[in-house]
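Structure record follows, encoded as structure tokens.
The values are calculated or read from the model by the stated rules, or taken from the named source; none is laboratory data. Note that this is a predicted model, so its numbers are computed, not measured. Reconstructed Cβ throughout: ideal geometry from the backbone, glycine too, with neighbour counts over all protein chains shown.
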Amino acid sequence: MKKVLITGSLGQIGSELTTTLREKYGHDNIIATDIREIDSPVVTEGPFEILDVTNGKAIHDLAEKHNVDTIIHLAALLSAKAENNPQLAWNLNMNGLMNALEVARELNTKFFTPSSIGAFGPTTPKDQTPQDTIQRPTTMYGVNKVSGELLCDYYYHRFGVDTRGVRFPGLISNVTEPGGGTTDYAVEIYYEALKNKRYSSYIAEGTHMDMMYMPDAINAIIQLMEADPNQLKHRNAFNVTAMSAAPEHFEQAIQKHIPEFTMDYQVDPVRQAIAESWPNSIDASAATEEWGFKAEYDLEKMTEDMLDKLKAKLSIR
Ligand code: AKB
């Protein structure tokens, strides 16, 4: 990767990835794009362009103008939002992906896009879900993610585009809050613990899902994109995870630092049903074997860092 175009760069992954890539590869070499502009270092600390990914020509023109060798395509709707508006989700998640892949083919660039644990469904083995297994998701987001994995494989086999990707679990970050996901509770809980010392979880007790701290997610993207292509057998949909946790595990981890913190449950049936259709835990051994993936943060280490960073951000002593 020498010159990179990132779509959806103001989102949860994009905002931290853009900053890290600019530090590593040079500020002028990372072209951040998004459909909107906000007050953010992503906009002010390097090249930034407005881009609607449903407009394929606009992606092409920007990629050509900046002479990029890599496209990192992040613009997408998350699971709960996609379930509320399946038609919009199909248009943005599928047509946006197809447009970005076409540009990668036309301009011969490398390509990364994330899949998700949402690509699994109720008939998938729930525990230590294997890399290659049944994928019959019941959500629009899941349908988009499985189709996306297959489309990226297709572009690699049919056109030789160097496509790569991972199946991300719920991502937890202290920089940008997620919007419209099923795993968002695992971010909200830290903000509420610090601000109000209480949290109402919309996901029920005992519901396990895979999670990962954002620094591990960013490292995974960079490591996979820098990996020797000859070592990659799976390419587009590597399972990656750092922990499998339920709401009560976050509660207990936070209580070690804020003993007065309490949590109750007000379960949201839509997001609970999505969570129950996803695995309890996934097996990331293919990513470890093929490109050396290893998460650094477990729940305890992540909780300590999240609370420290958020205290500073929210000016809480
Ligand atoms: C979501 O909850 O939709 C995302 C995901 C796991 O893909 N965080």
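Look at the stretch 158-170: where a residue is of a type in the set (Asp, Glu) and a partner is surrounded by fewer than 24 Cβ atoms within 10 Å (Cβ to Cβ), sitting 6+ places away or on another chain with Cβ atoms under 6 Å, you get ASP162/LYS110. Exactly one residue out of GLY96, GLY148, GLY118 is farther than 28 Å from GLU49 by Cα, of a type in the set (Gly, Ala, Ser) and either away from the ligand (no atom under 12 Å from the Cβ) or out of contact with any Asp or Glu (no Cβ under 8 Å at 6 or more places or on another chain) (or both): that is GLY118. Considering only residues in the stretch 189-208 that are in contact with a helix residue (DSSP H, G or I) (Cβ under 6 Å, 6 or more places away or on another chain) and not in a loop (DSSP other than H, G, I, E, B), the one that is farthest from PHE120 (Cα to Cα) turns out to be LEU194.
Conditions tested, residue by residue: (1) assigned by TED's automatic domain parsing to the domain that holds SER15; (2) within 13 Å of the ligand (Cβ to nearest atom); (3) surrounded by fewer than 18 Cβ atoms within 10 Å (Cβ to Cβ); (4) of a type in the set (Ser, Thr, Tyr).
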site: THR207; (1), (2), (3), (4): no, yes, no, yes
site: ASP216; (1), (2), (3), (4): no, no, no, no
site: ILE221; (1), (2), (3), (4): no, no, no, no
site: LEU224; (1), (2), (3), (4): no, no, no, no
site: PRO229; (1), (2), (3), (4): no, no, yes, no
site: HIS234; (1), (2), (3), (4): no, no, no, no
site: GLU248; (1), (2), (3), (4): no, no, yes, no
site: GLN252; (1), (2), (3), (4): no, no, yes, no
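The single condition from (1) within 21 Å of ASP216 (Cβ to Cβ); (2) away from the ligand (no atom under 16 Å from the Cβ); (3) out of contact with any strand residue (DSSP E or B) (no Cβ under 9 Å at 6 or more places or on another chain) that THR176 fails is (2).
Residue-level check: of (1) closer than 14 Å to ASN239 by Cα; (2) more than 12 Å from the ligand (Cβ to nearest atom); (3) of a type in the set (A, V, I, L, M, F, W, C); (4) crowded, with 21+ Cβ neighbours inside 10 Å, ILE134 misses just (4). Could you look through the stretch 179-192, keep only residues that are of a type in the set (A, V, I, L, M, F, W, C) and touching an Asp or Glu at 6+ places or on another chain (Cβ under 9 Å), and pick out the one that is farthest from the ligand (Cβ to nearest atom)? Among residues in the stretch 179-192 that are of a type in the set (A, V, I, L, M, F, W, C) and touching an Asp or Glu at 6+ places or on another chain (Cβ under 9 Å), the one farthest from the ligand (Cβ to nearest atom) is ILE189.
Being over 12 Å from the mean Cα position of the chain (by Cα), in the same structural domain as GLN128 (by TED's automatic domain parsing) and assigned to a loop (DSSP other than H, G, I, E, B) is true of VAL161.
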